[in-house]
Amino acid sequence: MTEPNSAPHDERDPAATADANETRDDDKDGHKPRDSSGWDGKLRIDKMTIGDEPRDPHAQVVSDPEVSDDEGPPPEQLAADEDLLDDTPEDEDDIEIVHSKISDMSALRLERFKQMKRLCLRQNRIESIAIPEDVAPTLTEVDLYDNLIAHIKGLDAFTELTSLDLSFNKIKHIKRLNHMTKLKDLYFVQNKISKIENLDGLSNLRQIELGANRVREIEGLETLTGLEELWLGKNKITEIKGLDSLTNLKILSIQSNRLRSITGLEKLVNLEELHISHNLLTEISGLENNVNLNVIDISANPIEHLTGLKGLKHLTEFWASNCKLSDFNEIEKELRDKEELETVYFEGNPLQRSQPALYRNKVRLALPQVVQIDATFVKQV
């Protein structure tokens, strides 16, 4: 379990707090956020094979989706006659050029790589997708993260794709993807998308990331019955709905939105993780049918009383930092019977701030089964 943000509790309005949170990158292979700041957009930065020094992966990303960087000086671009792949054998199946100021994909002459399975051109200056159709039969993964792409075009021939990453671009509309029926992973983190649409036909999709966009309503997901992970953090969503058909969903992340209640989860009987921190929740409710939940993160919500956890026998992690909890008796009543519970986070609550020296021992007495309290391991596994 990774350590959450241990900064002092912010007494500002939770909505303002949610909007002001800095974006943070996730562990490449982990499902849970690096901390409880409400950001769930994974950077997934891989090794660098060709190109300049990478941008600082920890540099702050503009967290307000309404901010636009359309105006500014023209970016430095790669000369059209420069061949960065000149020394790459033509039977190479993994092409990766990162942070190299590429603007014209045609200059790379990718058609020579007839066995290419993966193409990664992240952190460049690409404005339009121009992958030669010659490589369509073998190409399964395209990563164009952090470019200048405004429209999803040029992918009509690529029916074998299983993974498409268009995060950190300038896309406003989800279009022209229905033919990619083998797609399993789809990433649109930090774009300008306001509507979830045009996903019909993607029945094999297992994961979709739409964090840090402009989405106000959960819709357009009804046909994605195989979906297992849905990431919607840092949007403008006010209600959980439109998920009834997603009965295979295991992870729902809807942090840093504008939710005032937990609703619409009744049919998600296979849900294992619920990340709903940095909203406007005043109570925990609506989880009666989600008996397979093992991770809940309700941090940074104005919740005063711990209730609504009855029946969640498989809970292993419970995050409730920076709420308004003050009663140790409620903690014992709601969580002591959770025999599988290993990790709890309560720092930043009145029950911790009022008695910081005694706080951890009181939690241990109330929950003797736990192994970790906040960032501290209190017993050996």
Response to the item:
Under the rule rounded for a/c under 1.5, else prolate if a/b exceeds b/c, else oblate, using alpha carbon gyration tensor axes a ≥ b ≥ c, the range 245-294 is classed as prolate
Practice prompt. Compute the signed sum of charges (Lys and Arg +1, Asp and Glu -1) over the other residues within less than 9 Å, Cβ to Cβ, of residue 294.
Written response: -4
Worksheet, complete the sentence: Applied in sequence order to the range 154-171, the curve 6.51 cos²θ - 1.76 cosθ + 1.60 (Karplus, θ = phi - 60°) yields integer Hz couplings, x standing for Gly and Pro, of x, 10, 4, 7, 9, 8, 8, 4, 10, 9, 9, 10, 10, 5, 6, 10, 10, 6
Worksheet item: Where does each of 120, 323 land when they are ranked from fewest to most other beta-carbon atoms within 10 angstrom?
Response: 120, 323
Item to complete: Determine ³J(HN,Hα), in whole Hz, for all residues of the range 116-126 in sequence, where each value follows from phi through the Karplus function 6.51 cos²θ - 1.76 cosθ + 1.60 and θ = phi - 60°; x replaces Gly and Pro.
Response: 5, 9, 10, 10, 10, 10, 6, 6, 10, 10, 6
Practice prompt. Would you work out if the range 96-179 is rounded, prolate or oblate? Take a ≥ b ≥ c from the square roots of the eigenvalues of the alpha-carbon gyration tensor; rounded if a/c is under 1.5, else prolate when a/b is larger than b/c, oblate otherwise.
Written response: oblate
Worksheet entry | HN-Hα J in Hz across the range 209-222 - Karplus 6.51, -1.76, 1.60, θ = phi - 60°, x for Gly and Pro | 10, 10, x, 6, 10, 10, 5, 10, 9, 7, 7, x, 10, 4
Worksheet item: Does the range 260-381 come out rounded, prolate or oblate, given a ≥ b ≥ c as the square roots of the eigenvalues of its C-alpha gyration tensor, rounded meaning a/c under 1.5 and, failing that, prolate meaning a/b above b/c?
Response: oblate
Worksheet item: Listed highest first by mean packing, meaning other Cβ atoms within 10 Å per residue, what order do 236-249, 268-281 come in?
Response: 268-281, 236-249
Item to complete: Enumerate the amide H contacts of residue 96 below 5 Å, restricted to partners 5 or more residues apart or on another chain; note that Pro and chain-start residues carry no placed amide H.
Response: 120
Worksheet item: What is the sum of charges around residue 340, taking Lys and Arg as +1, Asp and Glu as -1, for the other residues whose C-beta is under 13 Å from the C-beta of residue 340?
Response: -2
Fill in: Counted charge near residue 269, where neighbours are those whose Cβ lies closer than 15 Å (Asp, Glu -1; Lys, Arg +1)
-3
Worksheet item: Which of the pairs 172/236; 101/170; 170/250; 117/182 have their Cα atoms more than 20 Å apart in this structure?
Response: 170/250
Worksheet entry | Distant-in-sequence amide H partners of residue 247 (H built 1.01 Å from N, under 5 Å) | none
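No lab work stands behind these numbers, since they all come straight from the coordinates. Bear in mind that the values here come from a model prediction, so they are computed numbers and not experimental data. Counting neighbours? That spans all protein chains shown, and the Cβs are built from the backbone with ideal geometry, glycine included.
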